[in-house]
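Single-structure report; data block below.
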Amino acid sequence: MAKIKSILFQFIPIIAIWLLLAYPYKALTFNTSVLGKIILMLVVLFYAYMDKYYGAIVVALIILYYQFIDGLVKEGFAENLPSQLRKQFESQYCKNGQLFLKNVNVKLDQVQHVFPEVSYTGQPCNPCDEKCDYNIIEMRLKAETDLMLPKSSNPPPPATTAPTPPPLPPSPPISPVPPTPAP
């Protein structure tokens, strides 16, 4: 058990630094969520259990990290996340300033119904227009992408058709039945 604690003790900082550097936007949104804060509290408790000084150092690092995040949000750095989602949406659905879905032009009054991930901050407008003020709701966009992508890299099995039964033999000719006399 002591060996597992030692391994966790050494690898938690490595994994945390790698996640922060490899996925900064996802780490930012995750660490500001309730689940992210609970996980960070568990990490603090783990390090405090190992040694009170390590726990104090981890608490100080987490406080500095959240101060850094607040500074980024105030400077507008964290606002780049919605703009990236917006660029992805526009590159996927906008052509020549018009909104398309499956090569069909989407009318302005249909945008909210066809694209529920679009949330207007003002009046409804054409999302392909640069002057249009809207946001993309990330959760819906991710759920839609997950539903559209295949779940497995294995191709589906080939469709099998039931074998056709052999033809029926011809039936014998029907002979007329003579009527029976009445008594």
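The values are calculated or read from the model by the stated rules, or taken from the named source; none is laboratory data. All of these numbers come straight from a predicted model, not from anything done at the bench. FYI the Cβ positions are ideal-geometry reconstructions off the backbone, even for glycines, and counts take in every protein chain you see. The accessibility values were calculated without ligands, DNA or RNA, using every heavy atom of the protein model including side chains. Shrake-Rupley method; radii C 1.70, N 1.55, O 1.52, S 1.80 Å.
Using a 1.4 Å probe on the protein heavy atoms only, what accessible surface does Asp129 show? Give it in Å² to the nearest 10.
Its accessible surface works out to 70 Å², give or take rounding.
I'd like the FRET efficiency for Asn103 and Tyr23, computed as 1/(1 + (r/R0)^6) with the beta carbon distance as r and R0 of 35 Å, rounded to 0.05.
Calculated value: 0.55.
At Met41 and Ile57, where each label point lies 7 Å from the Cα along Cα→Cβ, what is the point-to-point distance in nanometres?
2.5 nm
What is the gain in length, in nm to one decimal, between Lys131 and Phe30 on full extension, counting 0.36 nm per residue of separation less the C-alpha to C-alpha distance?
Extra length from Lys131 to Phe30 when fully extended: 33.3 nm.
May I ask you to evaluate 6.51 cos²θ - 1.76 cosθ + 1.60, the Karplus curve with θ = phi - 60°, for each residue of region 7-12 and list the ³J(HN,Hα) values in order in whole Hz, giving x for glycine and proline?
Result, ordered by residue: 5, 4, 4, 8, 8, 4 Hz.
Non-local amide H neighbours of Leu99 (under 5 Å, H modeled in plane, Pro and chain starts lacking H): which ones?
Here the answer is Val106, since their amide H atoms fall under 5 Å of that of Leu99.
Quote the accessible area belonging to Ser33 in square angstrom, nearest 10, computed with a 1.4 Å probe and with ligands, DNA and RNA left uncounted.
40 Å²
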